[in-house]
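Q: Let me give you the structure first, and then I'll get to my questions.
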Amino acid sequence: MDLFTFAISLLVMLIAMQYGYFWIVVVIGAILIFMGKSKHIFIIVIALIILLFLIRGTPYEGYNVYCVALGIGAFLLMNKEEAADTYNPEDQYGDLLKGLGGGSGGI
């Protein structure tokens, strides 16, 4: 799962929580857990849903945006993917842009 999808899903969960649509929060959380197929996403989503439910109706309800930002930060920390170097000198198609100038010996 990419970061953009995860962040938008958490923001939709936050808006649904503010409007009192708890079933949408649970459905989006279940879809995130099912589509993520990772225990890191499971931990983050469950912890965030519990935290949003506990904060609701308290004086700390204004900090729920920061809780979502903390969830996104935890997602970034737990899902560090190493950038793969795409350059391979043995690849026969690795330098296709070099041939755009023509130069094939034709007319």
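The values are calculated or read from the model by the stated rules, or taken from the named source; none is laboratory data. Predicted, not measured: the structure shown is a model, and the values here were computed from it. With ideal geometry, Cβ positions are generated from the backbone for all residues, glycine too; neighbour counts draw on all protein chains shown. Note: areas computed on protein heavy atoms with side chains; ligands, DNA, RNA excluded. Shrake-Rupley method; radii C 1.70, N 1.55, O 1.52, S 1.80 Å.
Q: For ILE15 and LEU70 in one chain, what is 0.36 nm times their gap in residues minus the Cα-Cα distance, to one decimal in nm?
A: Answer, rounded to one decimal: 18.2 nm.
Q: Apply 1/(1 + (r/R0)^6) to the Cβ-Cβ distance of MET78 and PHE22, taking R0 = 30 Å, and write down the FRET efficiency to the nearest 0.05.
A: Rounded to the nearest 0.05, the efficiency is 0.70.
Q: Further question on the same structure: Take the alpha carbon gyration tensor of the range 27-69, find the square roots of its eigenvalues, order them as a ≥ b ≥ c, and report rounded if a/c is under 1.5; if not, report prolate when a/b exceeds b/c, else oblate.
A: prolate
Q: Enumerate the calculated ³J(HN,Hα) couplings along the range 56-67 in order (Karplus 6.51 cos²θ - 1.76 cosθ + 1.60, θ = phi - 60°), each rounded to whole Hz, writing x wherever the residue is Gly or Pro.
A: The phi angles translate into 4, x, 9, x, 8, 5, x, 8, 5, 5, 5, 5 Hz.
Q: Over the range 15-85, with every protein chain in place, what whole percent of the accessible area is carbon and sulfur at 1.4 Å, could you tell me?
A: 70 percent
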